[in-house]
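See below for the structure under consideration.
What follows is calculated from the coordinates using simple rules that are stated; it is not laboratory data. A quick note: this is a predicted structure, and the numbers were derived from the prediction, not measured. Neighbour counts run over all protein chains shown; Cβ positions are idealised from the backbone, glycine included.
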Amino acid sequence: MDIKRKLIIDTDPGIDDAIAIAIALFSEKLDVKLITTVAGNVSVDLVTENALRLLTFFDKKVPVAKGAGEPLIQKFLDAKDIHGATGMDGYEFGEPDRSNLLEEHAVNAMRRVILESETPVTIAAIGPLTNIALLLKMYPEVKSNIDEIVFMGGSITRGNKTVMGEFNIATDPEAAKIVFDSGINLLMAGLDMGLKALVHPEDSEKIKILGKTGDMMYSLFQKYRGGSFKTGLKMYDSCAVAYLLCPEMYELTDTFIDVETSSSLTLGCTIVDLKGYLGKPANAKVCTDINQDMFKKWFISSIEKCI
Ligand SMILES: [Ca+2]
């Protein structure tokens with residue numbers, strides 16, 4: 001019996017995306033059916049190229065479909081300051097195998113994969129939610145065959161793109177609003193978890209010797225500005241994959257979440273109503289804490305499998 005969870009990864013690689021993708025590709029519990037790309041850390045052309053490079057590096061055949069090049073309404077602003085000009089600076093990847101690239105748009109590819117699947121499909125969304133919002137608006141018939149959307153994004157507390165806005169959600173708040181209102185099972189692993197999902201220098205040294213993947217990641221870590229190499233690098237996107245593979249590391253609560261779409265000061269701020277001020281029914285499971293030791297052990301042992 002096929003017990004692997006069918007997964008679509010919607011992503012904007014991105015150094016922390018690269019690591020999350022690697023862990024998902026080599027997990028015995030996940031069956032990655034499709035990788036879709038979205039403008040986020042850098043342009044959609046660059047992140048698509050990066051996704052293809054990663055698959056070539058890992059010698060994996062997974063279809064890649066290019067998605068939205070800009071947010072639904074907001075102006076696109078990238079995160080080159082964190083990930084470098086290419087989005088994955090720090091390692092010389094060879095030319096990618098372009099046979100993995102579909103001609104289909106990401107939204108159409110997601111629709112096809114979801115409707116063709118005999119069992120419900122999970123989406124790991126580790127970039128802005130633009131593609132997912134378009135999918136749900138264009139093809140609402142997919143909803144009944146989506147198991148869960150597990151996203152890295154938002155924050156219980158403050159932001160990292162603006163004072164209150166976390167990067168993925170604040171890049172496309174209107175898309176997030178569509179996803180949050182969709183009625184689909186949602187799991188939020190937000191910025192607060194990413195800030196605690198740290199890789200310290202002694203961990204990097206262990207990772208460095210874990211074969212070609214460890215060596216590649218160590219090189220990317222040298223350029224990654226998501227935290228400091230010395231005080232800890234923040235593995236934001238791995239938090240979504242960590243929920244799929246090792247949910248025991250999290251404290252979880254069902255609650256109502258929403259996103260600000262109309263304020264000039266707090267645009268893209270997620271509202272996580274842990275105390276029920278709004279009196280609305282829960283629409284998401286939210287990770288409220290992470291066991292840092294468990295994360296670290298899981299992270300290093302997962303990378304060890306990426307061969
Ligand atoms: Ca990402």
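Points worth noting:
- Residue-span extension gain [K137 to I300] - 0.36 nm each, minus C-alpha spacing: 54.8 nm
- Sequence of L30, L115 once ranked by neighbouring C-beta atoms within 10 Å, starting from the fewest: L115, L30
- Ranked list, fewest to most other Cβ atoms within 10 Å of each Cβ, for I271, I35: I271, I35
- Base-10 log of normalised Debye intensity for region 1-98 (one unit scatterer per alpha-carbon) at q = 0.13, 0.18, 0.23 Å⁻¹: -0.43, -0.79, -1.19
- Relative contact order of region 257-301, pairs being alpha-carbon contacts under 8 Å that are 6 or more residues apart, as %: 28
- Dipole axis of region 73-193 (+1 Lys, Arg; -1 Asp, Glu on Cβ), positive-most option in V107, I126, Q74: Q74
- Among M164, M216, sorting on how many other beta-carbon atoms sit within 10 Å of each Cβ, with the fewest leading, yields M164, M216.
- Descending Cα extents along the principal axes, region 32-177, whole Å: 43, 38, 23
- Its alpha carbons give region 207-307 an Rg and a Dmax of 17.4, 51 Å.
- Available extension along the chain between D59 and T157 is 31.3 nm, counting 0.36 nm per residue and deducting the alpha carbon span.
- Links that overshoot a 24 Å alpha carbon limit, given the list K66/K230; K161/K208; K80/K230; K143/K177: K66/K230; K161/K208
- With the simple spin-label model, which puts each label point 7 Å out from Cα in the Cβ direction, the D81 to I209 separation comes to 3.8 nm.
- The shape of the chain can be summarised by an equivalent ellipsoid whose semi-axes, obtained from the alpha carbon gyration tensor, come to 26, 22, 19 Å from longest to shortest.
- Its relative contact order, with pairs defined as Cα atoms under 8 Å and 6+ residues apart, puts region 213-307 at 29 percent.
- Alpha carbon centroid spacing (whole Å) that separates region 11-37 from region 242-307: 18
- Top positive-direction residue, dipole computed over region 176-255 with Cβ charges, set T213, A242, F180: T213
- A Förster distance of 51 Å, applied to the separation of the beta-carbon atoms of E118 and D293, puts the FRET efficiency at 0.85.
- P(r) tail fraction, region 153-247 - alpha-carbon pairs more than 20 Å apart, %: 46
- Across the chain, the relative contact order, built from alpha-carbon pairs under 8 Å that are at least six residues apart, equals 19 percent.
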